[in-house]
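Participant: Below is the structure I would like to discuss, written out as structure tokens.
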Amino acid sequence: MATAPPDPETKIDGPLLRLMLVMLLGGVMGILDTTIVNVGIETLGDRFDAPLKTIEWVATGYLLALAATVPLAGWAAARYGGKTVWLTGLTVFLAGSALSAIAWNAESLIAFRVLQGIGVGALEPTLLTMLALAAGPKRAGKMIGIVGAVVTLGPILGPVLGGVLLEHANWRWMFIINLPIGVLALALAYRQIPADPPREGEPPPLDARGIALLCPGFAAVVYGLSQAAGDSGFGAPQVIAALIAGAALIVGYVLHALRAEHPLIDVRLFRIRGFAGGIGAVFLTGILLFSLLFLIPLYYQVARDRGVMAAGLLLVPQGVGVWIGMPIAGQLFDRIGARALIPFGGVLAALGILGFSTADAGTNTAILVGYSLVTGAGLGFVGAPAMSSVFGSVAPESVPSATAAVYLSNQIGGTLGIAIAALVLQNRTESHAVVPAFQGTFGYLIAIALVVGAVGLVLRRAAAGASGGDVDGASDETSDETSTGDAKAVAETEAGSKDGVAAAGPARLEV
């Protein structure tokens with residue numbers, strides 16, 4: 001019996017592959033830069049003779065600028081075009097890098113790092129928006145599997161690269177290294193990224209009230225969580241004030257966005273089951289991933305008496321596991337859907353973390369490396385289908401809103417994860433020896449991994465258009481709608497509401 005030829009609409013063809021490679025070259029720099037510089041905070045404090053509370057703003061200012069810019073990226077791409085926003089963000093990032101390399105004191109470096117953060121805040125969401133639109137729902141799983149595998153390596157390889165630069169070169173090379181790569185990325189992007197198409201109709205208006213509520217609200221939450229992860233803890237007055245203010249602003253934004261015709265991020269998308277479940281999985285994966293990025297190097301240094309460089313290198317196997325798991329999950333997503341893949345990934349990650357939670361001082365390092373590989377693979381099997389579910393559940397015009405939601409949920413999850421892991425470890429260290437303290441903290445992460453897997457069970461099907469059929473089981477055939485149907489239902493409900501509010505997000509962005 002002859003087999004049907006593969007659907008050409010599901011293949012990663014040459015134009016899409018070139019677009020992915022060009023955009024990843026620019027996008028990965030910002031991700032690497034974050035962790036490279038974090039490694040050098042103490043060195044920068046010594047160089048500029050600045051106290052820790054001042055020099056920490058080299059990292060904090062960058063993070064807050066990024067957080068405040070991300071919600072604007074989707075609107076800017078819909079208003080001015082994805083290529084324009086990408087080239088602008090990359091240029092701003094390179095200008096910030098060049099200026100940071102010639103900084104003359106701590107204050108100037110902090111200012112230039114804020115400029116870098118603004119550039120990266122425009123780059124990262126635009127990367128995913130443009131690639132999601134170029135790939136379409138039938139190729140979303142494969143595209144995200146490849147892109148996610150590359151992007152996830154950034155936070156893992158960044159500390160290693162930062163340690164090498166600080167050990168063998170001047171601190172300025174943490175920023176100079178961006179320049180040749182960035183110029184090449186800029187030149188390739190100008191030539192390879194298709195021109196923005198002519199705009200049809202009126203551009204989406206600027207949601208000024210939404211900006212005034214969401215951007216500072218998100219930045220305040222990120223600031224509060226990042227401070228809680230340090231020596232302040234959740235009980236510090238500045239942490240409480242920042243979290244309360246941020247939460248109040250975000251609630252205010254949600255109330256505003258439910259009635260606005262063109263909100264900065266369309267929160268009505270959360271009525272779509274595949275979207276809401278995917279965002280939940282992305283949020284929890286952020287907690288899990290960044291907690292592990294914080295805990296594992298610290299475990300090797302404190303409990304296993306390894307140096308900083310060795311601890312960073314021993315984190316690489318987790319990245320290799322992600323690099324293996326994400327593309328495989330992206331391929332399988334089109335056939336079996338998120339409801340099967342996310343629970344499998346959650347259980348796999350839990351098994352890997354279980355190894356760390358039961359390891360003692362005599363456990364062979366090679367065995368721990370194996371645990372890291374398994375954990376990373378599990379994270380890959382969660383990450384790709386979670387994001388694919390998000391993008392496959394919404395109409396093309398809502399992709400910019402979906403992208404912003406993915407980045408905001410992942411960022412908040414990551415900062416929250418580090419803060420909670422630090423708090424749990426600190427509390428256990430006060431009443432336990434070092435190894436048992438780490439064992440209990442890893443045990444907390446096992447619970448998070450299992451919750452991630454449980455979230456996958458609420459997703460009914462593969463993303464819209466992924467396979468054209470009910471991949472999750474015939475029993476759902478009569479009771480479940482496809483993601484496309486969910487999205488359409490939301491649009492119809494909103495269009496017919498008494499307020500006359502349309503559910504469609506910003507104008508469609510095409511590449």
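Participant: Residues that are among the polar types (S, T, N, Q) and at pLDDT below 90, at least 1 per element: which helices (runs of 4 or more DSSP H) completely within the range 227-313 meet that?
Facilitator: Once the helices (runs of 4 or more DSSP H) in the range 227-313 are filtered for at least 1 residues that are among the polar types (S, T, N, Q) and at pLDDT below 90, what remains is 237-257, 273-302.
Participant: Now a separate question. Failed condition for Asp305, given (1) without any contact (Cβ under 8 Å) to a residue 12 or more places away in the chain; (2) in contact with a helix residue (DSSP H, G or I) (Cβ under 6 Å, 6 or more places away or on another chain); (3) charged (D, E, K, R), with all others met?
Facilitator: The one condition Asp305 does not meet is (2).
Participant: I'd like to know if the range 186-208 contains one or more residues that are assigned to a helix (DSSP H, G or I), at pLDDT 85 or above and under 30 Å from Ile418 (Cα atoms).
Facilitator: Within the range 186-208, not a single residue is assigned to a helix (DSSP H, G or I), at pLDDT 85 or above and under 30 Å from Ile418 (Cα atoms).
Participant: Picking from Leu288, Leu206, which residue would you name as being touching a residue at least 40 places away in the same chain (Cβ under 8 Å) and buried (at least 22 other Cβ atoms within 10 Å of the Cβ)?
Facilitator: Leu288
Participant: Checking the condition more than 14 Å from Val22 (Cα to Cα) and touching a residue at least 24 places away in the same chain (Cβ under 8 Å), which residue from Ile211, Ile193 passes? Break it down into steps so the answer makes sense when it comes.
Facilitator: Working: Ile193 fails: more than 14 Å from Val22 (Cα to Cα).
So the residue among Ile211, Ile193 that is more than 14 Å from Val22 (Cα to Cα) and touching a residue at least 24 places away in the same chain (Cβ under 8 Å) is Ile211.
Participant: Between a first residue in the range 34-52 that is closer than 15 Å to Pro159 by Cα and assigned by TED's automatic domain parsing to the domain that holds Leu123 and a second residue that is aliphatic (A, V, I, L, M) and modelled with pLDDT under 80, which pairs have beta carbons less than 6 Å apart while being 6 or more apart in sequence or on different chains?
Facilitator: Ile36/Leu161; Gly40/Leu166; Thr43/Leu166
For (1) surrounded by 20 or more Cβ atoms within 10 Å (Cβ to Cβ); (2) within 20 Å of Leu459 (Cβ to Cβ), each residue gets a yes or a no:
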site	(1), (2)
Ala281	yes, yes
Leu284	yes, yes
Tyr299	yes, no
Ala310	no, no
Val322	yes, no
Gly325	yes, yes
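Participant: Also, quick follow-up: If you take the residues of the range 77-102 that are at pLDDT 85 or above and of a type in the set (Gly, Ala, Ser), which of them is farthest from Asn178 (Cα to Cα)?
Facilitator: My answer is Gly89.
Participant: Confirm whether Leu52 is over 19 Å from Ala402 (Cβ atoms) and modelled with pLDDT of 85 or more.
Facilitator: Against the criterion (over 19 Å from Ala402 (Cβ atoms) and modelled with pLDDT of 85 or more), Leu52 does not qualify.
Listed here are the residues, each with its yes/no results for (1) closer than 28 Å to Gly370 by Cα; (2) within 23 Å of the chain's Cα centre (by Cα).
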site: Pro263; (1), (2): no, yes
site: Ile279; (1), (2): no, yes
site: Pro297; (1), (2): yes, yes
site: Arg306; (1), (2): yes, no
site: Gly321; (1), (2): yes, yes
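Participant: Take the range 242-266 and flag every residue that is touching a helix residue (DSSP H, G or I) at 6+ places or on another chain (Cβ under 8 Å), of a type in the set (A, V, I, L, M) and either touching a residue at least 60 places away in the same chain (Cβ under 8 Å) or surrounded by fewer than 18 Cβ atoms within 10 Å (Cβ to Cβ) (or both).
Facilitator: Residues satisfying the conditions are Ala245, Ala247, Ala248, Val254, Leu258, Ala260, Leu264, Ile265.
Participant: Do you know which residues across the range 174-201 are surrounded by 14 or more Cβ atoms within 10 Å (Cβ to Cβ) and over 27 Å from the mean Cα position of the chain (by Cα)?
Facilitator: Within the range 174-201, just Arg199 meets the criteria.
Participant: Next question. If you scan the range 35-55, which residues turn out to be out of contact with any Asp or Glu (no Cβ under 9 Å at 6 or more places or on another chain), surrounded by fewer than 19 Cβ atoms within 10 Å (Cβ to Cβ) and closer than 27 Å to Ala310 by Cβ?
Facilitator: Those that are out of contact with any Asp or Glu (no Cβ under 9 Å at 6 or more places or on another chain), surrounded by fewer than 19 Cβ atoms within 10 Å (Cβ to Cβ) and closer than 27 Å to Ala310 by Cβ: Asn38, Glu42, Thr43, Asp46, Arg47.
Participant: Another question about this same structure. May I ask you to say which residue of Gly182, Gly217 is in contact (Cβ under 8 Å) with a residue 60 or more places away in the chain, at negative phi and either in a helix (DSSP H, G or I) or in the same structural domain as Val316 (by TED's automatic domain parsing) (or both)?
Facilitator: Gly182
The values are calculated or read from the model by the stated rules, or taken from the named source; none is laboratory data. All values derive from a computational prediction rather than experimental measurement. Counting neighbours? That spans all protein chains shown, and the Cβs are built from the backbone with ideal geometry, glycine included.
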